[in-house]
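Below is one structure, written out as structure tokens, with a few remarks after it.
The values are calculated or read from the model by the stated rules, or taken from the named source; none is laboratory data. These figures come from a predicted structure and were not determined experimentally. Glycine also receives a Cβ, built like all others from the backbone with ideal geometry; neighbour counts cover every protein chain displayed.
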Amino acid sequence: MQVAKIYSHLNGHEFLLMHRKTVWQEILDVVHNIDAQSCQTKVSREKKRQGNLLYSPVALNEAFKAQLQKRGWAEHRVSYWVAEDEKIVRQILPLPPEKQKEDIERAGFLPIRSYNQTDYLKERVAIEVQFGKYAFVAYDLFVKHLAFYMRDQIDVGVEILPMKSMQRQMSSGIAYYEGELYNILRHGRSVPAVPLVLIGIQP
């Protein structure tokens with residue numbers, strides 16, 4: 001596969017080129033090493049495309065996973081506690097998880113355990129490979145990457161998406177680069193408040 005387009009939000013790409021050049025090269029190598037044709041395994045059941053071979057999100061994700069994991073990229077999770085009361089939630093935000101739970105209970109509320117997870121993390125760079133529906137990308141961009149950035153665990157979030165030309169050869173409803181670029185730009189220059197690199201790929 002190949003990188004067709006790159007969008008740098010809040011100088012995310014520039015940061016990688018200056019401070020994580022090896023990491024950026026790894027990301028490019030991973031994309032170039034994906035055999036798109038071998039992932040064209042999904043038989044369409046859609047009325048207008050019944051029987052056509054489409055790019056399989058499952059196969060694509062597995063191919064990216066194999067390439068990234070052998071280079072040392074790994075999933076990362078951060079646990080935290082939430083509650084129903086706005087005041088106590090604001091108070092516990094900067095606290096470590098065990099203290100969050102303790103303070104929620106002391107305030108008389110039920111602590112609910114939750115977590116943020118990113119698919120791949122290495123050298124303070126997070127990668128999400130997204131071949132899912134539109135809502136999943138919005139969650140990545142406006143919640144996942146931002147949460148890890150605000151916790152000072154990443155410097156940049158990277159989102160890998162198909163170009164529209166590739167998305168047309170996938171199931172309906174898959175997010176694509178051009179659409180998510182528009183979604184970022186319409187929020188203005190500073191939202192989301194995390195450096196990002198949006199990568200559009202194609203066979």
### Query
What number goes with the only condition from (1) without any contact (Cβ under 8 Å) to a residue 12 or more places away in the chain; (2) more than 30 Å from Arg168 (Cβ to Cβ); (3) of a type in the set (A, V, I, L, M, F, W, C) that Ile104 does not pass?
(1)
### Task
Report yes if some residue within segment 7-15 is of a type outside the set (Ser, Thr, Tyr) and without any contact (Cβ under 8 Å) to a residue 60 or more places away in the chain; otherwise report no.
yes
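With respect to Leu53, determine if the residue is at pLDDT 90 or above and not acidic (Asp, Glu).
No: the conditions fail for Leu53.
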### Query
Looking at (1) free of Cβ contacts under 8 Å to residues at least 12 places away in the same chain; (2) over 24 Å from Val30 (Cβ atoms); (3) buried (at least 20 other Cβ atoms within 10 Å of the Cβ), which is the only condition Lys99 fails?
(3)
### Query
Hey, does segment 62-69 have a residue that's touching a residue at least 24 places away in the same chain (Cβ under 8 Å), within 20 Å of Ser172 (Cα to Cα) and out of contact with any Phe, Trp or Tyr (no Cβ under 7 Å at 6 or more places or on another chain)?
no
### Task
Could you list, in sequence order, all residues of segment 48-91 that are surrounded by 15 or more Cβ atoms within 10 Å (Cβ to Cβ) and in contact with a Pro (Cβ under 8 Å, 6 or more places away or on another chain)?
Tyr55, Tyr80, Trp81, Val82, Ala83
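When residues of segment 104-122 are filtered for being closer than 21 Å to Arg71 by Cα and surrounded by 15 or more Cβ atoms within 10 Å (Cβ to Cβ), how many remain?
Within segment 104-122, residues that are closer than 21 Å to Arg71 by Cα and surrounded by 15 or more Cβ atoms within 10 Å (Cβ to Cβ) number 5.
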### Task
Could you check how many residues of segment 130-185 are out of contact with any His (no Cβ under 8 Å at 6 or more places or on another chain), of a type in the set (Val, Ile, Thr) and surrounded by 21 or more Cβ atoms within 10 Å (Cβ to Cβ)?
5
### Task
Could you tell me which residue of segment 2-47 is modelled with the lowest pLDDT, considering only residues that are among the hydroxyl-bearing types (Ser, Thr, Tyr) and exposed (fewer than 15 other Cβ atoms within 10 Å of the Cβ)?
Thr41
### Query
Quick one: would you say Gly108 is modelled with pLDDT of 90 or more, over 10 Å from the mean Cα position of the chain (by Cα), farther than 16 Å from Tyr80 by Cβ and of a type in the set (Gly, Ala, Ser)?
yes
